[in-house]
Amino acid sequence: MGHLDPEAEPLDLTVDGAQRILTHVQAEWPLEACGLLGGIGRRVLAVYPTRNELASPVRYRVHPEDLIRVIRELEARGWELVGIYHSHPHGPPAPSAIDVAEAYYPEAIYVIAAPVHGEWRLRAFRIMNGTVREVPIRLVE
């Protein structure tokens, strides 16, 4: 699901940020992990691991207390919510029908981590009005 949009502006994510996401999702396995990405435009400046309120292997919801805490920090720094990440511990690194239906932040980039042939992978998507477009991830220092 989701075709790579060659015109899409890439999501800039540091190698350390990517590793922080992967460390979090692996630590939460076999449950879905989730977190928020703060920054400016499409540049991720901070990764915020959060609690999955649903504590489920197939669904996630960022815990409301964590969401409020992170949004306040982003506002204090003059940053914005760049993206939301979560894992698919037993599925592909692509949005599920539930992910598409519950994509409540159309300006955010949705990053999904999942194991592919035994190695965790990250993919990013823009989900707006039920339409899914893959966004390239550009790893930066």
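Considering only residues of segment 1-27 that are surrounded by 15 or more Cβ atoms within 10 Å (Cβ to Cβ) and at pLDDT below 95, which is nearest to Gly39 (Cα to Cα)? Talk me through it step by step, then tell me what you get.
Step one: of segment 1-27, the residues surrounded by 15 or more Cβ atoms within 10 Å (Cβ to Cβ) are 2, 8, 10-14, 17-18, 20-22, 24-25.
Those left that are additionally at pLDDT below 95: 2, 8.
Working: Gly2: 24, Ala8: 18 Å.
Here the answer is Ala8.
How many residues, within segment 109-119, are in contact (Cβ under 8 Å) with a residue 40 or more places away in the chain and part of a loop (DSSP other than H, G, I, E, B)?
0
Is at least one residue of segment 117-131 buried (at least 17 other Cβ atoms within 10 Å of the Cβ) and over 24 Å from Ala8 (Cα atoms)? Steps first, please.
To start, the set of residues in segment 117-131 that are buried (at least 17 other Cβ atoms within 10 Å of the Cβ) comprises 120, 122-127.
From what's left, over 24 Å from Ala8 (Cα atoms): none.
Checking segment 117-131: not a single residue is buried (at least 17 other Cβ atoms within 10 Å of the Cβ) and over 24 Å from Ala8 (Cα atoms).
Among the residues of segment 101-116, count how many are among the aliphatic types (A, V, I, L, M) and surrounded by fewer than 21 Cβ atoms within 10 Å (Cβ to Cβ). Reasoning before the result, please.
Of the residues in segment 101-116, the ones among the aliphatic types (A, V, I, L, M) are 101, 103, 108-109, 111-114, 116.
Now narrow it down to the ones that are surrounded by fewer than 21 Cβ atoms within 10 Å (Cβ to Cβ): 101, 103, 108, 114, 116.
Looking only at that region, the number is 5.
What are the residues in segment 40-99 that are touching a strand residue (DSSP E or B) at 6+ places or on another chain (Cβ under 6 Å) and basic (Lys, Arg), if any?
Arg42, Arg43, listed by residue number.
Under 7 Å by Cβ, and 6 or more places apart or on different chains, what pairs join a residue from segment 33-54 that is in a loop (DSSP other than H, G, I, E, B) with one that is at pLDDT below 95?
Every condition considered, the pairs that remain are Arg42/Glu9.
Taking Leu74, is it in a helix (DSSP H, G or I) and hydrophobic (A, V, I, L, M, F, W, C)?
Criteria met by Leu74.
How many residues, within segment 83-101, are within 16 Å of Thr50 (Cβ to Cβ) and without any contact (Cβ under 8 Å) to a residue 12 or more places away in the chain?
Counting residues in segment 83-101 that are within 16 Å of Thr50 (Cβ to Cβ) and without any contact (Cβ under 8 Å) to a residue 12 or more places away in the chain gives 0.
Quick one: count up the residues across segment 34-89 that are of a type in the set (D, E, K, R) and closer than 26 Å to Trp120 by Cα.
7
Against the condition in a loop (DSSP other than H, G, I, E, B), over 17 Å from Asp16 (Cα atoms), aliphatic (A, V, I, L, M) and over 11 Å from the mean Cα position of the chain (by Cα), how does Val58 come out, does it pass?
Considered against the rule, which asks whether it is in a loop (DSSP other than H, G, I, E, B), over 17 Å from Asp16 (Cα atoms), aliphatic (A, V, I, L, M) and over 11 Å from the mean Cα position of the chain (by Cα), Val58 comes out as yes.
Suppose we filter segment 69-82 for residues that are within 16 Å of Ala108 (Cα to Cα) and loosely packed, with under 13 Cβ neighbours inside 10 Å; how many remain?
First pass over segment 69-82, keeping only residues within 16 Å of Ala108 (Cα to Cα): 70-71, 74-75, 79-82.
Of the ones still in play, those that are also loosely packed, with under 13 Cβ neighbours inside 10 Å are 75.
Residues in segment 69-82 being within 16 Å of Ala108 (Cα to Cα) and loosely packed, with under 13 Cβ neighbours inside 10 Å: 1 in total.
Go through segment 100-119 and give me each residue that's within 20 Å of Leu45 (Cα to Cα) and small (Gly, Ala, Ser).
Restricting attention to segment 100-119, the residues satisfying the condition of being within 20 Å of Leu45 (Cα to Cα) are 105-113.
Matches in segment 100-119: Ala108, Ala113.
Which one is surrounded by the fewest Cβ atoms within 10 Å (Cβ to Cβ), of the residues in segment 83-92 that are modelled with pLDDT of 95 or more and not in a strand (DSSP E or B)?
Our first condition is that a residue be modelled with pLDDT of 95 or more; within segment 83-92, this holds for 83-89.
Subsequent filtering for residues that are not in a strand (DSSP E or B) retains 88-89.
Details: His88: 21, Pro89: 19.
Ranking the qualifying residues of segment 83-92, first place goes to Pro89.
The values are calculated or read from the model by the stated rules, or taken from the named source; none is laboratory data. None of these values were measured; they are calculated from a predicted model. Neighbour counts are summed over all protein chains in view; Cβ atoms, including those assigned to glycine, are modelled from backbone coordinates with ideal geometry.
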